[in-house]
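K.L.:
Handing you a structure now.
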Amino acid sequence: MAEPMAEVAPSRGSFWNWGAGIIALLIIGAAIGLWARHGAAVFFDMLTAGLAYCF
């Protein structure tokens, strides 16, 4: 009997999960870096300005 394709084909889900995790860590690291460099007030001002520009 033939095996289902899901068992034969390699999983690409773990590749995308690793990529998404690395991108999330980079974004969190950038946010912490901005907070450490500019302080909370400037960080929140930049964050709200960026969100206002996007929406």
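The values are calculated or read from the model by the stated rules, or taken from the named source; none is laboratory data. Keep in mind that what you see is a predicted model, and the values were worked out from it rather than measured. We place every Cβ from the backbone using ideal geometry, glycine too, and count neighbours over all the protein chains shown.
K.L.:
Run Phe43 past the list (1) at pLDDT 85 or above; (2) over 16 Å from the mean Cα position of the chain (by Cα) and report the number of the one that doesn't hold.
P.N.:
(1)
K.L.:
Only one residue in Trp35, Trp18 is in a helix (DSSP H, G or I), at pLDDT 85 or above and surrounded by 10 or more Cβ atoms within 10 Å (Cβ to Cβ). Which one?
P.N.:
So the residue among Trp35, Trp18 that is in a helix (DSSP H, G or I), at pLDDT 85 or above and surrounded by 10 or more Cβ atoms within 10 Å (Cβ to Cβ) is Trp18.
K.L.:
For residues that are part of a helix (DSSP H, G or I) and loosely packed, with under 10 Cβ neighbours inside 10 Å, scanning just segment 5-15, find the one that is modelled with the highest pLDDT.
P.N.:
Ser14
K.L.:
Let me ask another. Name the pairs whose Cβ atoms lie under 9 Å apart, with the first residue in segment 13-36 and in contact (Cβ under 8 Å) with a residue 60 or more places away in the chain, the second in a helix (DSSP H, G or I) and loosely packed, with under 10 Cβ neighbours inside 10 Å, and 6 or more positions between them or separate chains?
P.N.:
none
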